[in-house]
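These notes concern the structure reproduced below.
Every number in this text was worked out from the coordinates using simple rules, so none of it is lab data. What you see is a predicted model, and the numbers here were worked out from it, not measured in a lab. Here Cβ is always computed from backbone atoms with ideal geometry, including for glycine, and neighbour counts include all displayed protein chains.
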Amino acid sequence: MKKRIILFLLLLFAQGILLACPACEKQQPAITQGITHGAGPQSNWDWVIIILIITSTLLTFFFSLKYLLKPGEKGQNHIKKLILDGEY
């Protein structure tokens, strides 16, 4: 119980640190306003990079969940069978 209270207080106080300050909010475009620090994207290439990073992150997350929940190895000569059956 004590750990939960400490975690709650840390998250409560960290909220002010994690959100953008008023000076940074003015420099950000509407889509990222209030959640990031520093100057916003300076050119269209910055947006391309941001979209590529978001896409690769979402794809990585999707495939990691997919192969974690349903690996799909059904072959009898798969390496995992050697280890699980004790023939290793």
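Side notes on the structure shown:
- Test: residue in the range 42-50 that is touching a helix residue (DSSP H, G or I) at 6+ places or on another chain (Cβ under 6 Å) and assigned to a loop (DSSP other than H, G, I, E, B): no
- Residues within the range 51-88 that are surrounded by 10 or more Cβ atoms within 10 Å (Cβ to Cβ) and outside any loop (DSSP other than H, G, I, E, B), tallied: 23
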